[in-house]
Structures are given as C-alpha cells and as structure tokens.
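Following: one structure in structure tokens, then a few remarks.
The values are calculated or read from the model by the stated rules, or taken from the named source; none is laboratory data. Everything quoted here is computed from the prediction, not taken from an experiment. Reconstructed Cβ throughout: ideal geometry from the backbone, glycine too, with neighbour counts over all protein chains shown.
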Amino acid sequence: MNQKDLKRFRKILEESKKNLLMSARKTLSEEAAFDTDDLPDEIDLASSEYTQSMVFRLRDREKFLLKKIDDALARIESGTFGICEICEEEISVKRLEARPVTTMCIRCKEEQEKQEKSYG
C-alpha cells in the first residue's frame, strides 16, 4: 500500500476515534446529570434502567471499536496495515474503505464466517 493511502486511512481512523470519544463523553455527561429520584413511578424507573442497560451495551461496543481502531493505527505504524492476518495477502483498498479496522481479506473473512456457521 502506498504512503498516500496509508495517510488517508490514518486520517479516517483518527477521525472515527475522535467521534467515538466525543460520543462517549457526551453519554457520560448525560448519565452524570441523571437522577433516579426525579422519576415519578416504577414504570419510569424500569424504562430508565432499560435505557441505561442499552447505554452500557453501546459503551461496550464503543470500547471494542476503539480497541480495533487503535490496533489498526498500530498496524499502520508497524507497516502491516492492509495485510491479511491469515493469508498475508494484501487486503483490497475497497474492503479497507468499507471497514478500515479489518484484519482479513474478504476471502479469509468469508471462510471464517462459513466455518463459524457450520459450528454454530
């Protein structure tokens, strides 16, 4: 992969990371302002607890994605970005544009999904 593409993907990944962190900060500040004493009844409390549960799940997904972004940025630094971790062939630019955190080419990913489907 050429330096121009690497620079472009670094920018995409850094922007995604920045947006995720901003979203997480916003969620945290909204949660800090939340007070269960303000809820008038049990139904409102149950609804609020469900919403908080969803927020925690989303936060877990965000943490997982942040880790993937950091890993992709590290691969750019180490010179392994865009190389499939299974077959060690280049991952197509088109696939990286769709999913810049990917570590597998489309062929290896499809094979992995096929195997997972047969086991599960």
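Of all the residues in the stretch 1-16, those that are surrounded by 14 or more Cβ atoms within 10 Å (Cβ to Cβ) and at pLDDT 95 or above number 8.
Look at the stretch 81-98 and say how many of its residues are within 13 Å of ARG10 (Cα to Cα) and either without any contact (Cβ under 8 Å) to a residue 12 or more places away in the chain or surrounded by fewer than 13 Cβ atoms within 10 Å (Cβ to Cβ) (or both). The total comes to 1. The residues of the stretch 99-118 that are closer than 17 Å to ARG10 by Cβ and not hydroxyl-bearing (Ser, Thr, Tyr), listed by number, are ARG99, PRO100, VAL101.
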